[in-house]
1. On the basis of being in contact with a Phe, Trp or Tyr (Cβ under 6 Å, 6 or more places away or on another chain) and over 17 Å from I119 (Cα atoms), does R62 make the cut?
2. Please go through the range 299-349 and pick out each residue that is in contact with a helix residue (DSSP H, G or I) (Cβ under 6 Å, 6 or more places away or on another chain) and modelled with pLDDT under 95.
3. Scan the range 340-366 residue by residue and report those that are closer than 13 Å to V386 by Cβ and among the polar types (S, T, N, Q).
4. Can you tell me how many residues within the range 356-376 are surrounded by 15 or more Cβ atoms within 10 Å (Cβ to Cβ) and more than 22 Å from L407 (Cα to Cα)?
5. Do we have any residue at all in the range 372-393 that's outside the structural domain of E33 (by TED's automatic domain parsing) and within 28 Å of R277 (Cα to Cα)?
6. Quick one: which residue in S397, S389, S433 is at negative phi and in contact with a Leu (Cβ under 8 Å, 6 or more places away or on another chain)?
7. Among (1) hydrophobic (A, V, I, L, M, F, W, C); (2) farther than 25 Å from L243 by Cβ; (3) in contact (Cβ under 8 Å) with a residue 60 or more places away in the chain; (4) crowded, with 19+ Cβ neighbours inside 10 Å, where does A147 come up short?
8. Return yes when R505 is basic (K, R) and either closer than 20 Å to S313 by Cβ or under 23 Å from the mean Cα position of the chain (by Cα) (or both) and no when it is not.
Amino acid sequence: MTASAPASVGVAAPPAPESWFLESSRCWCGGREHRPSPCSADYFVCERCGTHVSRRRLRPDRVADFYSLSGYWHARQREKAHPTLLERRALLERDGRVDRWVKAIERHALGNQGVAVEIGCAEGTLLLRLRDRGWTVCGVEPDAATAAAVVAATGLDIRAGAFPEVTIPDCDLFVACDVLEHALEPQRLLEAAHARLRPGGLLFLQLPLLLPGEPDFGGITPKVFDPWEHSFIFSRSSVATLLAACGFEVLQNNEAWVRAHEFVVARRREPKPGTPRLLANLPEMFSPAWRGFMDELNAFARPLGLREFHSWSKIWEYPALWRQGLADVPWARARLVDIGSELSALPWWLATRGARVTLIERSANFTGHWDFVRRKLGVAVDWRIVDTSDLPLAPGSADVVTSLSVLEHQPDKRRAIDEIARVLRPGGLLALSCDLCEPEYGMTYPAWGGTPLTARGFEALLTQHPQFEPVRPAAWNTEDIEAFLAWHRETAPHHTYITAATVLRRLPGGWRSLQRRLRQAHARFSTTE
C-alpha cells in the first residue's frame, strides 16, 4: 500500500478521525499482550507469536476511505514527504527496488510465467515490469478512485475493493508489497491467497521485519510503528509462523531492499485432507476452531485459579484431543479419570458438563486448591494420590482416561498404558498427548523431563497396542515438523521436540485375553526402546 522512501523519518499528522478505529487487544494468532512493545507505547508484544500488535485497528468499513486517492495517496503521502501515487513509479525505478523485487521473484519462479496478482498494487510499477517479462497481471486497490486513476495511466487490469472480498483470478504468483503490516486480518488475507494460488504457486512479500539481534529499526522506528497504518509489525520468526499457519512453505526469509523493506518468498504447500494429524502443527493450532476452544477453556480456568495455556504446545493438544473424539462423549453419564491433573482446567470443565471425575497425581500439593474448586463448582470430583503408574481403581471402572504431557515423565510406560487399559471399560476412550523426540530431526530433550518416545515407540506402545484402536484413522504429518519446531523453540529454549496426540478406543476382551496380548505387545515394544 505504501513504498516509503527510506530517507524520510517521522510520523505525519493523524490522517483520519478516531471514530474510524477500534481498540485492539488480540493478535492475529489470538494471543494477548505479553508486554508493551519497547518500540512504541501504541503497540504490545504478543504472548503467543511475538508479533508487535497495534492497540488500535482501522474499522473494516473504513479501509477504502482511509486509503483514498485524495486522502492517502496525496495528502497523507505529502505529509510524510513521500511521492504521491503517480509520482512513485519514477522513484521505484530509480532506486532499484523493482529490479530487486523481480530478481527475487524470478529466482524462485525458475523461468516460469503465468498469472500474477498484486494486492495493494498502488501505481502498478511492479505489474508493468512483470507484464513486460511475460506475466499476465492483475492488481487490487481498495479505493475505486485510486484503481480508476491507475487504469487510466497504465491500462492495467486494476480491481477496486478490499481483498479477499474483491474477486481475483487464480494465479501462479501472489504479491503483497508493504501490505501485510496494514492488513486488519493477515491470516485471513494469506489463507485467501493460498486458496487463489495454483499448486506450487509463489507468494512474494515485502514488509518491515524485526531482525534477530536488532531491537528496532533505528532512526525510522517511529515511522514503522505507525498505529494509524500498521496493525502488525512482524519479526522474521513471527511472519514465518503466520505463513506456516496459512499453509505456506517459506523459501526465502533473509533478504531486504533496505532496512524495514525485508523480502519473504513462500510456496503454497498442498494440504493433506482427511485423517487427523498425530503431530502438533501450526495450521491447526492457529485455526479459529482451535483458538476458540482454548479461549473457552482459559476463560473457564481464570476465575478458578486453574492453569491457563497461551504459548505452550498444549494450545494444540487440548483442542486436538477434543476434536479427535472427546467432543462426542456423552459427558453427563461418563466417568473420567484424569492422570497428572495438577491445575488443568479440562477435568473440571468436563465435570461441569456432568462427568464424574477422578484426578490422579503423585503428590498432595494441589489437593487444597482442588477442594476449593470442587466446593465453588459443586461438581462430582474426587482424587487419588499415587507415586507409581498403578491406578487404584477397579477394572472397567472408567469411561474415559485423559493423560496430557504425562507419559514422557513415567519411567515404566508399558505399565502405565496397561493400567489404563485395565481400568477402562470396553469401548472406553484414552485421550493422550505426549512429547516425542526424533534425533534425526535435530531434536533434543532435557534430562530432567524424563524419557520421551519416538514416533516408532509411540506406534508400538499406543496405536498398535492389542487393547486399543484409533477412534479415527490418523497419520504422521512429518511435513509439519520444521515449522512447529521453529515456533516451539521461540516459546522456551528447551522446547526442541515435537508433541503427538491421539484418542484410542478400548477393545473388548476378557482380562486373561488382555494379559496374553499384553505380553506379546511388550515383546514388540521392547525393540523400539
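1. Working: in contact with a Phe, Trp or Tyr (Cβ under 6 Å, 6 or more places away or on another chain): yes; over 17 Å from I119 (Cα atoms): yes.
Yes; evaluated as a whole, the condition is true for this residue.
2. Result: S311, single match.
3. As a first pass, look at the range 340-366 and keep what is closer than 13 Å to V386 by Cβ: 340-341, 358-364.
Result: S341, T358, S363.
4. Final tally of qualifying residues: 4.
5. The answer is yes, given that some residue of the range 372-393 is outside the structural domain of E33 (by TED's automatic domain parsing) and within 28 Å of R277 (Cα to Cα).
6. Numbers: S397 fails: in contact with a Leu (Cβ under 8 Å, 6 or more places away or on another chain); S389 fails: in contact with a Leu (Cβ under 8 Å, 6 or more places away or on another chain).
Answer to the selection: S433.
7. (3)
8. Numbers: basic (K, R): yes; either closer than 20 Å to S313 by Cβ or under 23 Å from the mean Cα position of the chain (by Cα) (or both): no.
Taking the combined requirement at face value, the residue does not satisfy it.
The values are calculated or read from the model by the stated rules, or taken from the named source; none is laboratory data. The structure presented is a predicted model; accordingly, all values stated were derived computationally and were not measured. Neighbour counts run over all protein chains shown; Cβ positions are idealised from the backbone, glycine included.
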